[in-house]
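The values are calculated or read from the model by the stated rules, or taken from the named source; none is laboratory data. This structure is a prediction, so every number in the text was calculated from the model and none was measured. For neighbour counting, all protein chains shown are included, and Cβ atoms are generated from backbone atoms with ideal geometry for every residue, glycine included. The protein model used for the area step is the full one, side chains on, heavy atoms only, and it has no ligands, DNA or RNA in it. Shrake-Rupley method; radii C 1.70, N 1.55, O 1.52, S 1.80 Å.
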Amino acid sequence: VGMLVDYLYPRGVRGFGGPVPAGKVTEYPKGGEPKHFLDGQFWLANLDPADKRAGGTGGGSGLIALWHKCPHLGCTVPWRKEFVLEATDGQPGWYRCPCHGSTYTKAGVRVFGPAPRSMDTMKIEVDGSGNIVVQTGIRTLGGADNPQRGIKPPGLPA
């Protein structure tokens, strides 16, 4: 039994389900475009609390990692910097699911569509040198508190 458990125990998980390197904190300007990591299946952004538009950060600040899967049916959700959601302030820049139109703010908060909740977030770790690692196996269900989940490590552009 011990040999079977040893054989089946996962080792050296890389990519989705394990730790994924995401660069340095200095590479993420405050309020900049989210960066997509296909191997880890997430978006990473440095939220700007001054982004008060409807599709903005909801007052959130710091780094946030969003799982790129829609909570509705699991379609990959792209960041669409040109997209404008009708009935809002007319400002572009939203996550928009191509399957059924669920739409999310820059902090991943659901504002439209059939998705049952906001985009899920992933745990972010930053070492003393400013290297970012996203723990893709540690996810939290998305919610209205997504903007408050941002982390503010030393060296993050202000």
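Details
- Filter result for Val1 (loosely packed, with under 14 Cβ neighbours inside 10 Å and among the aliphatic types (A, V, I, L, M)): yes
- The criterion of at least 3 residues that are of a type outside the set (S, T, N, Q) and within 25 Å of Glu27 (Cα to Cα) is met, among strands (runs of 3 or more DSSP E) falling completely within the range 50-158, by 62-67, 94-96, 121-126, 131-140.
- Selection status of Ile132, under 21 Å from Ala22 (Cα atoms) and in contact with a helix residue (DSSP H, G or I) (Cβ under 7 Å, 6 or more places away or on another chain): yes
- Candidates Ala144, Ala65, Ala87, Ala107: the one that is without any contact (Cβ under 8 Å) to a residue 24 or more places away in the chain and not acidic (Asp, Glu) is Ala87.
- Residues of the range 103-120 satisfying the condition of being among the basic types (Lys, Arg) and buried (at least 19 other Cβ atoms within 10 Å of the Cβ): Lys106, Arg110
- Scanning the range 41-56 for residues that are modelled with pLDDT of 95 or more and either among the charged types (D, E, K, R) or open to solvent by less than 20 Å² (accessible area, probe 1.4 Å) (or both) returns Phe42, Leu44, Ala45, Asn46, Leu47, Asp48.
- Some residue of the range 85-94 being β-branched (Val, Ile, Thr), over 16 Å from Arg139 (Cβ atoms) and surrounded by 14 or more Cβ atoms within 10 Å (Cβ to Cβ): yes
- Tally, over the range 13-29, of residues that are modelled with pLDDT under 95 and of a type in the set (D, E, K, R): 1
- All told, Val84 falls short of being among the aliphatic types (A, V, I, L, M), within 20 Å of Ala115 (Cα to Cα) and within 14 Å of the chain's Cα centre (by Cα).
- Single match in Lys152, Lys123 (criterion: open to solvent by 50 Å² or more (accessible area, probe 1.4 Å) and closer than 12 Å to Phe42 by Cβ): Lys123
- For the range 126-149, the set of residues classified as hydroxyl-bearing (Ser, Thr, Tyr) and surrounded by 21 or more Cβ atoms within 10 Å (Cβ to Cβ) consists of Thr136 only.
- Ile64 meets the conditions (1) farther than 25 Å from Pro153 by Cα; (2) modelled with pLDDT of 95 or more; (3) open to solvent by less than 70 Å² (accessible area, probe 1.4 Å) in every case but one. The failed one is (1).
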